[in-house]
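Report on one structure; see the data block that follows.
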Amino acid sequence: MILAKVIGTVWATRKDERLVGMKLQIVRPVELDYTEKVDFLVAVDSVGAGVGEVVLVCQGSSARQTELTENKAVDATIMAIVDKLDASG
Amino acid sequence: MILAKVIGTVWATRKDERLVGMKLQIVRPVELDYTEKVDFLVAVDSVGAGVGEVVLVCQGSSARQTELTENKAVDATIMAIVDKLDASG
Amino acid sequence: MILAKVIGTVWATRKDERLVGMKLQIVRPVELDYTEKVDFLVAVDSVGAGVGEVVLVCQGSSARQTELTENKAVDATIMAIVDKLDASG
Amino acid sequence: MILAKVIGTVWATRKDERLVGMKLQIVRPVELDYTEKVDFLVAVDSVGAGVGEVVLVCQGSSARQTELTENKAVDATIMAIVDKLDASG
Amino acid sequence: MILAKVIGTVWATRKDERLVGMKLQIVRPVELDYTEKVDFLVAVDSVGAGVGEVVLVCQGSSARQTELTENKAVDATIMAIVDKLDASG
């Protein structure tokens, strides 16, 4: 999983019908000290994360392993909100 | 998912038979302000996106999770047309 | 999918038994004007592409979604030969 | 698989319910001489690896091929603790 | 698939139980003239490749499509030993 910060939302009314009702969040990968990196991706939110929160994003087929995203055209899912890190690196 | 802009179309008459009838669009990833990045990929269009539209592209096995692309040799699918973004990053 | 040019062939007599009879082509990603990029990969050919032809390569689990490659240890498949592109980017 | 060193732990109380009880470790890819690279990712630990240990991390759908991670939204799993390497490169 | 050279072996006694008995080889991607690139990965060997041999490595879920690796936490498998290449690029 990657560590990322929620920085916004995407609105899309014309979309694959299985995606109706999903919240599409813009997330930006962050360093261990939560400094934002330069890239971003769009992920479905399965845990109710708000803008500014640091989250874990799961990608690939594993992004479909939540009740919300099963069998959906989703390749990135926010599946945890980070409370804190403890890193010695 | 990645944010991208549709910039063209690929014509291919000789292709795997399961792909007959699919529209193959050329998409270029964009920044949050829709500035085009330098790379591109080819994606199947499942939502009727036209050239110039900003879309979401789903990759990997999840690209097969639409009615159109199920069980097809497709690793990138346009599954939403973006109306607008709201980003604070 | 990525746009690539077939630049050669790999011979391998000792291989996983499910791969016997498959043609392993060397492909090099290209730009929209067919200029070759610097990297390359090896893909199974499901459409009879010859050296010099521009093709589409499907990667990941989707590379197994052709009759030829089903249930095979194959992560890249040539699934279309490109006739032409129309790109405005 | 990639070679990595465990450098810390992520705490996340709000997460997808299937992930409850899993240990989320921060791992940093390393060179063959165990020098740390600059990036990091978060992986579920299926083998009881501690901080400072050098491990193998399996990614993608294969990360779900352990008893612990089956059908979970997990895209990286520590599946082995490295005793030693023998490399001539 | 990627072209790579076997450069060593990983020993790991503590590992996911499904991986017992598998040979974990260190492989380094190579150019078409077999010059070694700078990175490396660890792959399960399904074809009996020795150190110094040039091989094809299959990644992702397709790495599990051999009799040896089925349902295992393996994301890279050596599935062919290269006899020779014929490349015009």
Per-selection metrics, the protein assembly as shown (Cα): Rg and Dmax in Å: 21.1, 55
Magnitude of the Cβ-charge dipole of the range D:2-81, K/R +1 and D/E -1, about the Cα centre, nearest 20 debye? 240 debye
Every other copy gets compared here: list the nm distances from the C:SER88 label point (7 Å along Cα to Cβ) to its counterparts, shortest first, one decimal. 3.6, 3.6, 5.8, 5.8
Please state the shape class of chain C: rounded when a/c is under 1.5, otherwise prolate if a/b exceeds b/c and oblate if not, all from the C-alpha gyration tensor. prolate
Based on the mean of other beta carbon atoms within 10 Å per residue, what is the order of B:63-75, E:32-44, D:56-68, B:43-55, most packed first? D:56-68, B:63-75, B:43-55, E:32-44
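Take the cross-link list D:LYS15/D:LYS37; A:LYS72/D:LYS15; D:LYS5/D:LYS84; A:LYS84/B:LYS37 and give me the ones stretching past 22 Å between alpha-carbons.
Checking Cα-Cα distances, D:LYS15/D:LYS37; A:LYS84/B:LYS37 exceed 22 Å.
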Treating only the Cβ atoms of Lys and Arg (+1) and Asp and Glu (-1) as charged, compute the dipole magnitude of the protein assembly as shown about its Cα centre; round to the nearest 20 debye. 440 debye
Could you compute the net charge surrounding D:SER46? Neighbours are other residues with a C-beta less than 12 Å from the C-beta of D:SER46; K and R count +1, D and E count -1. +1
Search the structure for amide H atoms under 5 Å from the amide H of B:ILE7, placed 1.01 Å from N in the peptide plane, and list their residues when 5 or more places away or on another chain. B:ILE26, B:VAL27, B:ARG28, B:GLY52
Two-site label geometry, D:GLU31 and C:TRP11: point separation in nm, points 7 Å out along Cα→Cβ: 3.8 nm
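Values quoted throughout were computed directly from the atomic coordinates according to the rules given, and no laboratory measurement underlies them. These numbers come from a predicted model, not from an experiment. Every residue, glycine as well, gets a Cβ built from its backbone with ideal geometry; the counts of neighbours run over all protein chains shown.
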